[in-house]
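K.L.:
Following this message is one structure expressed as structure tokens.
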Amino acid sequence: MSEVIGFVGLGIMGRGMVRNLLKAEFEVHIWNRTVSRMDPLVDAGAYPATSPADVAAHSSIIFTCVSDTHDVEEVILRENGIIFGADAGDLVVDCSTISPQVTQRISDILAQKEVKMLDAPISGGSEGAANGTLSIMVGGDADQFTRALPAFQAMGKTITHVGGTSAGQTVKLVNQILVVINMLAVSEALLFAEAGNLDLQKTLEAVSGGAAGSWMLSNRGPQVVDRDWRPGFTIDLQQKDLRLVLDAANAMGVPMVGTSLVFNLYRALQQQGLGGDGNHALVKALENLAGFRVSGD
């Protein structure tokens with residue numbers, strides 16, 4: 001019999017993930033703090049719940065996808081949290097990006113009730129969530145990974161069991177280092193192309209298929225050229241992840257030269273009230289330094 005899926009957190013990523021679970025014909029029970037976000041998914045076939053505990057009471061695998069470490073603690077461990085509705089043998093899968101240390105602690109607390117946990121942070125932006133092409137990096141028990149794999153396959157394309165509990169979170173932080181430094185390179189390159197009076201669209205076409213090509217260049221480069229700052233992932237959320245990177249790096253004694261630079265450039269944009277822009281708006285910080293902007297005009 002197919003697992004019954006619960007899903008807590010219907011933000012930019014969660015909404016698309018639930019739709020793909022429904023397309024794969026899973027029974028899905030949902031909850032979100034802003035109740036109105038559930039309505040379109042209920043119309044698509046999901047079952048609304050009154051709390052995370054209620055989601056867990058009707059599900060055998062419960063996914064969470066919320067913003068920050070404290071949000072994960074709240075929906076799993078606090079009043080009306082998942083732990084109060086889950087039964088022994090149920091599985092909690094956290095797709096948020098949070099502290100690896102807190103992930104281990106939550107897993108230990110759930111284990112006292114014989115509830116399993118996987119940490120399975122995701123990458124691929126809102127496009128990947130909508131299209132079912134997310135990259136999912138999973139930490140935890142291999143048998144539980146196998147158990148959750150059909151649900152992962154409904155939502156993602158690249159699904160990798162990377163190690164034990166909290167390994168998924170640590171790999172996600174590796175991912176975020178690569179994302180932001182890549183975006184810095186895209187921003188500098190487009191600013192350079194603008195200064196050189198190049199056709200920016202043709203420039204992107206020329207370099208995207210070669211050694212300089214990347215997901216960020218292909219997906220976010222055109223948005224920069226079009227001055228389209230709609231977020232696949234906001235600056236505010238990116239900063240939350242970079243704080244996790246810098247905290248972990250500090251504990252391990254690892255120098256984070258490029259990541260620290262990007263963190264401070266994003267901080268400058270936040271001070272200008274741009275935290276809700278997509279993370280590709282990093283280019284605006286460089287434009288402020290240069291005194292001109294990238295434009296596809």
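The values are calculated or read from the model by the stated rules, or taken from the named source; none is laboratory data. From a predicted model like this one, the values you see are computed outputs, not experimental measurements. Cβ coordinates were reconstructed from backbone atoms using ideal geometry, including for glycine residues, and neighbour counts include every protein chain displayed. To get the accessible areas, we keep the full protein, side chains included, count just its heavy atoms, and leave off ligands, DNA and RNA. Shrake-Rupley method; radii C 1.70, N 1.55, O 1.52, S 1.80 Å.
K.L.:
Among the residues of segment 81-105, how many are in contact with a Pro (Cβ under 6 Å, 6 or more places away or on another chain) and either among the hydroxyl-bearing types (S, T, Y) or open to solvent by 20 Å² or more (accessible area, probe 1.4 Å) (or both)?
P.N.:
1
K.L.:
Output the number of the condition that L184 fails; it satisfies all remaining conditions of (1) open to solvent by 60 Å² or more (accessible area, probe 1.4 Å); (2) among the hydrophobic types (A, V, I, L, M, F, W, C); (3) part of a helix (DSSP H, G or I).
P.N.:
Of the numbered conditions (1) open to solvent by 60 Å² or more (accessible area, probe 1.4 Å); (2) among the hydrophobic types (A, V, I, L, M, F, W, C); (3) part of a helix (DSSP H, G or I), the odd one out for L184 is (1).
K.L.:
Please specify each residue of segment 110-141 satisfying the condition of being part of a helix (DSSP H, G or I), open to solvent by less than 50 Å² (accessible area, probe 1.4 Å) and among the hydrophobic types (A, V, I, L, M, F, W, C).
P.N.:
Within segment 110-141, L110, A129 meet the criteria.
K.L.:
Do we find a residue being open to solvent by 50 Å² or more (accessible area, probe 1.4 Å), modelled with pLDDT under 95 and touching a Ser or Thr at 6+ places or on another chain (Cβ under 6 Å) anywhere in segment 11-23?
P.N.:
The answer is yes; a qualifying residue exists.
K.L.:
Taking D277, is it acidic (D, E), modelled with pLDDT of 95 or more, open to solvent by less than 60 Å² (accessible area, probe 1.4 Å) and touching a Phe, Trp or Tyr at 6+ places or on another chain (Cβ under 6 Å)?
P.N.:
So D277 fits the description; yes.
K.L.:
Identify, by number, the condition in (1) in a loop (DSSP other than H, G, I, E, B); (2) open to solvent by 30 Å² or more (accessible area, probe 1.4 Å) that N250 doesn't meet.
P.N.:
The single condition N250 does not satisfy is (1).
K.L.:
Taking the options S107, S96, name whichever one is in contact with a helix residue (DSSP H, G or I) (Cβ under 6 Å, 6 or more places away or on another chain) and at pLDDT 95 or above.
P.N.:
S96
K.L.:
So S2 fits all but one of (1) modelled with pLDDT of 95 or more; (2) surrounded by fewer than 24 Cβ atoms within 10 Å (Cβ to Cβ); (3) in contact with a Phe, Trp or Tyr (Cβ under 7 Å, 6 or more places away or on another chain); (4) of a type outside the set (D, E, K, R); what number is the exception?
P.N.:
Evaluating S2 over (1) modelled with pLDDT of 95 or more; (2) surrounded by fewer than 24 Cβ atoms within 10 Å (Cβ to Cβ); (3) in contact with a Phe, Trp or Tyr (Cβ under 7 Å, 6 or more places away or on another chain); (4) of a type outside the set (D, E, K, R) leaves (1) as the failure.
K.L.:
If the Cβ limit is 9 Å and pairs must be 6+ apart or interchain, which residue in segment 167-188 that is free of Cβ contacts under 8 Å to residues at least 40 places away in the same chain and closer than 16 Å to D94 by Cβ pairs with which residue that is of a type in the set (V, I, T) and in a helix (DSSP H, G or I)?
P.N.:
Pairs that qualify, where the first residue is free of Cβ contacts under 8 Å to residues at least 40 places away in the same chain and closer than 16 Å to D94 by Cβ and the partner is of a type in the set (V, I, T) and in a helix (DSSP H, G or I): there are none.
K.L.:
For residues that are surrounded by 19 or more Cβ atoms within 10 Å (Cβ to Cβ) and not small (G, A, S), tally how many sit in segment 187-200.
P.N.:
4
K.L.:
Identify all residues within segment 43-62 that are assigned to a helix (DSSP H, G or I), touching a residue at least 24 places away in the same chain (Cβ under 8 Å) and not β-branched (V, I, T); write none if there are none.
P.N.:
P52, A53, D54, A56, A57
K.L.:
Only one of (1) in contact (Cβ under 8 Å) with a residue 40 or more places away in the chain; (2) surrounded by fewer than 22 Cβ atoms within 10 Å (Cβ to Cβ) is not met by D39, so which one is it?
P.N.:
(1)
K.L.:
Does R230 satisfy the condition of being under 18 Å from V179 (Cα atoms), open to solvent by 10 Å² or more (accessible area, probe 1.4 Å), basic (K, R) and in a helix (DSSP H, G or I)?
P.N.:
no
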